[in-house]
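For reference, the structure discussed in these notes is given below.
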Amino acid sequence: MASLKKKFETIGQGDVGLTFDPLASDVARLATLLIEQVEPDPDQPRKDVGDIEDLKASILEHGIIQPCIVSVVAEDRYRLIAGERRYTAAKAAGLKTIPCVVRTVEEHRKLEIQIIENIHRKELNPVEEAHAYQRLIEEFSLSQRQLAARLGKSPASINETLRILSLPEDMMESVRTSERLTRSVLLEIAKQEDPDTQRQLLTQALHGQLTVKTLRQPRSTDHDSPPSSSTSIKLPDATITIRFHSAEHSQDSIRDALTEALASLTPSL
């Protein structure tokens, strides 16, 4: 049996059969296509291909090691299902042809394949991933648990990621394009119920002033409250506690407080 490596080595000689497709159980066809025959998918979950300079340099040095996945849209016309970064970098590198796995894919399966590909290659930022999950849920009437099973994720992970969509809409573009915001920081901020608190924390995070560690620490309001002190007086049948609006108190201040408290009591009838 010819090795997979051998099959890849013969790409330049024309189409070859490929019996293994990691994203499907059906037989796919491996082909070398003119790059001008391939077009991006406008509905691709990933909206930003990011920095491709390193990938471009790698392609110039080693070629494209992993083929893109495409579907046929017309005679001699193909649309990307997965591999948009490789396709973009190949164009930037001046390649005339590109290796592709050509698949016949039902429309409802394309988005699922794109998301699985991007998730496993870690090519979606957290906002894109959350929007992609939401699209799958809405378009295919899936519950979060069903989606988790389809993607090999835990239901808790799906739920956490979807909470990112609760962040203020006016800041979403900054969140999507920021290189400072990690997934963990976004998930912690999304746990806040108050939009103003989310906005304040996002502003700090965008300026690199927040970490996951600080976000997970119990939020204290001590700095917003004036200093206080208290004392307790134990009696046979009760304990009287007096809280003062100052950091210190004296025996005289205790007596004064008790006197004022007694004077304010209404005599029992």
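The values are calculated or read from the model by the stated rules, or taken from the named source; none is laboratory data. None of the values given here were measured: they were computed from a predicted structure. Here the Cβ is made from the backbone with ideal geometry for all residues, glycine too, and neighbour counts use every protein chain on show.
Screening ILE137 on (1) over 25 Å from LEU167 (Cα atoms); (2) out of contact with any strand residue (DSSP E or B) (no Cβ under 8 Å at 6 or more places or on another chain) shows it passes everything except condition (1). Among the candidates GLY83, GLY50, the residue that is surrounded by fewer than 18 Cβ atoms within 10 Å (Cβ to Cβ), modelled with pLDDT under 90, within 27 Å of the chain's Cα centre (by Cα) and not assigned by TED's automatic domain parsing to the domain that holds ARG150 is uniquely GLY50. Scanning the stretch 136-189 for residues that are of a type in the set (Val, Ile, Thr) and within 17 Å of ASN125 (Cβ to Cβ) gives ILE158, THR161, ILE164, VAL175, THR177, THR182, VAL185, ILE189.
The set of residues in the stretch 59-80 that are hydroxyl-bearing (Ser, Thr, Tyr) and at pLDDT below 90 contains only SER71.
Here is the figure for the stretch 118-136: residues that are touching a residue at least 24 places away in the same chain (Cβ under 8 Å) and either aromatic (Phe, Trp, Tyr) or surrounded by fewer than 17 Cβ atoms within 10 Å (Cβ to Cβ) (or both) total 3. Would you check if there is a residue in the stretch 92-107 being free of Cβ contacts under 8 Å to residues at least 24 places away in the same chain, in the same structural domain as ALA28 (by TED's automatic domain parsing) and surrounded by 13 or more Cβ atoms within 10 Å (Cβ to Cβ)? No, the stretch 92-107 has no match at all. All conditions in (1) of a type outside the set (Lys, Arg); (2) in a helix (DSSP H, G or I); (3) within 19 Å of ARG85 (Cβ to Cβ); (4) in contact with a helix residue (DSSP H, G or I) (Cβ under 7 Å, 6 or more places away or on another chain) hold for GLU117, with the sole exception of (4).
Answer yes or no: is there a residue in the stretch 154-164 that is more than 19 Å from VAL212 (Cα to Cα) and β-branched (Val, Ile, Thr). Within the stretch 154-164, one or more residues are more than 19 Å from VAL212 (Cα to Cα) and β-branched (Val, Ile, Thr). Consider the stretch 120-165 and keep the residues that are under 25 Å from ILE189 (Cβ atoms) and in a loop (DSSP other than H, G, I, E, B). The one that is modelled with the highest pLDDT is SER154.
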